[in-house]
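Novice: Before I ask anything, let me first share the structure, which is written out below as structure tokens.
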Amino acid sequence: MDISRWNAIMSKFQDLAGYKIGTNQMVNCKRRIVGDKEIYNLDKREERILVYSLRKLYSELKNRYISK
């Protein structure tokens, strides 16, 4: 995965949930999906799975924070 793509996704999460919560949510999701593997070493399959999981997580967080 390209680091600029990771940073763009991170920015969206931080805008939605704040710096600390957004960062923690993304990193925890990344660890569940690919473990301690570096972002720039992911193959295409791992990248697709990670992006899918992050989109799902973002939707859940959006529903939680918008419904407040």
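Novice: Of the heavy-atom accessible surface of the chain (probe 1.4 angstrom), what whole percent is carbon and sulfur?
Specialist: Answer for the chain: carbon and sulfur cover 48 percent of the accessible area.
Novice: Now a separate question. Excluding ligands, DNA and RNA, what is the solvent-accessible area per residue of the chain at a probe of 1.4 Å, expressed in Å²?
Specialist: About 71 Å² of surface per residue is accessible.
Novice: Okay, moving on. Once the Cα atoms of the chain are picked out, what are the Rg and Dmax in Å?
Specialist: Expressed in Å, the Cα Rg and Dmax of the chain come to 11.8, 38.
Novice: A follow-up question, please. Counting pairs on different chains as well as pairs 8 or more places apart, how many Lys pairs in the chain have Cα atoms under 17 Å apart?
Specialist: 8
The values are calculated or read from the model by the stated rules, or taken from the named source; none is laboratory data. Remember, predicted model here, so these are calculated numbers, not experimental data. Accessible surface areas use protein heavy atoms only, side chains included; no ligands, DNA or RNA. Shrake-Rupley method; radii C 1.70, N 1.55, O 1.52, S 1.80 Å.
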